[in-house]
Amino acid sequence: MVSQLELLKIDTIIFDFDGTLHRGEKLSLPIFHECLQLLYKEFHILKEYPSDETILSQFGKQADDIYPSLLKTNDPEVISIFEKCVEEAEVKAFKDGKGELYPNVKTTLSTLKNRRFKLALCTNARTDYFEAAIEYFELNNYFDEMIVAGQNPGKNKTWMVGKIIEKLKTNHFVVVGDRIHDIQAAKNNGGIAIGCAYGFGRKEVEKADLQIEKFEELLAIFHR
């Protein structure tokens, strides 16, 4: 159980992106279906086609983990074709204005920044996807530090959060995210985990120290 005194000491809030700030399923789920259908047709794949739930269960993981797990193959040709299809379509979708943040994300981030919290972004996304999203949503001015898995191959969320708290020189931080690796990254670095029950992690967030149902609930938690 997290005490009010522990929360009062917090000076840094580290956010995941998809499933926390961004409604990634709105943009990516149709794209995954489109690319899967092309792949199944081209390679005459007969295995069971994945459901929406199966696809969404992979969101928030690193691309190198998503594609083999979803396709149930390590065939480099199949993975490469699918990866290229998804990557190109997602970047184009952002440029076409199809991304969508959860309600009140920007106003909440702005308020937290005005309350003098240091804000950081830590995501398992690919670099091209992340850069397209940041540009489209104009998020650069909200964050003191941003780190993306695509620029740090082989590194996990625990490592990335560790780099953020090192750069921002803090021992009092929370990680806000919707997947188990967000929660583990907070705890492995000695921080507090806040789980987003509205994201992709579902029951995974039960392991967090706190849970929120809406993004703006952070304002009541961090009210100084």
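Please enumerate the residues belonging to region 45-60 that are surrounded by fewer than 17 Cβ atoms within 10 Å (Cβ to Cβ) and hydroxyl-bearing (Ser, Thr, Tyr).
Within region 45-60, Tyr49, Ser51, Thr54 qualify.
What number of residues within region 87-139 are more than 22 Å from Gly162 (Cα to Cα), in contact (Cβ under 8 Å) with a residue 24 or more places away in the chain and not in a loop (DSSP other than H, G, I, E, B)?
21
Enumerate the pairs (first residue in region 202-224 and within 19 Å of Gly60 (Cβ to Cβ); second residue anywhere and of a type in the set (D, E, K, R)) with beta-carbon separation below 6 Å, excluding pairs fewer than 6 apart on the same chain, so at least 6 apart or on different chains.
From residues that are within 19 Å of Gly60 (Cβ to Cβ), the pairs are Glu204/Arg179.
Out of Ala220, Ala149, Ala208, report the one residue that is surrounded by fewer than 21 Cβ atoms within 10 Å (Cβ to Cβ) and not β-branched (Val, Ile, Thr).
When all the criteria are applied, what remains is Ala220.
Of the conditions (1) within 26 Å of Leu27 (Cα to Cα); (2) surrounded by fewer than 19 Cβ atoms within 10 Å (Cβ to Cβ), Phe200 fails just one. Which one is it?
All conditions pass for Phe200, except number (2).
Can you tell me which residue in region 11-35 is surrounded by the fewest Cβ atoms within 10 Å (Cβ to Cβ), limited to those that are more than 16 Å from Glu217 (Cα to Cα) and among the β-branched types (Val, Ile, Thr)?
Ranking the candidates gives Ile31 first.
Among the residues of region 4-23, is there at least one that is in contact with a Pro (Cβ under 8 Å, 6 or more places away or on another chain), assigned to a loop (DSSP other than H, G, I, E, B) and not basic (Lys, Arg)?
No: zero hits.
If I ask for residues that are within 21 Å of His22 (Cα to Cα) and in contact with a strand residue (DSSP E or B) (Cβ under 8 Å, 6 or more places away or on another chain), which ones from region 156-183 would you list?
Lys157, Met160, Val161, Ile164, Val174, Val175, Val176, Gly177, Asp178, Asp182, Ile183
Taking only pairs six or more apart or across chains, which ones have beta-carbon atoms under 7 Å, a first residue in region 61-80 that is touching a residue at least 40 places away in the same chain (Cβ under 8 Å), and a second residue that is surrounded by fewer than 19 Cβ atoms within 10 Å (Cβ to Cβ)?
Within 7 Å, the pairs are Ala63/Glu83.
Picking from Tyr49, Tyr67, which residue would you name as being of a type in the set (Ser, Thr, Tyr), more than 30 Å from Arg224 (Cβ to Cβ) and in a loop (DSSP other than H, G, I, E, B)?
None of the other options fit; the residue is Tyr49.
Only one of these conditions is not met by Gly191: (1) surrounded by fewer than 19 Cβ atoms within 10 Å (Cβ to Cβ); (2) at pLDDT 95 or above; (3) not β-branched (Val, Ile, Thr). Which number is it?
The failed condition is (1).
The values are calculated or read from the model by the stated rules, or taken from the named source; none is laboratory data. Given the structure is predicted, the values throughout are model-derived calculations rather than measurements. Reconstructed Cβ throughout: ideal geometry from the backbone, glycine too, with neighbour counts over all protein chains shown.
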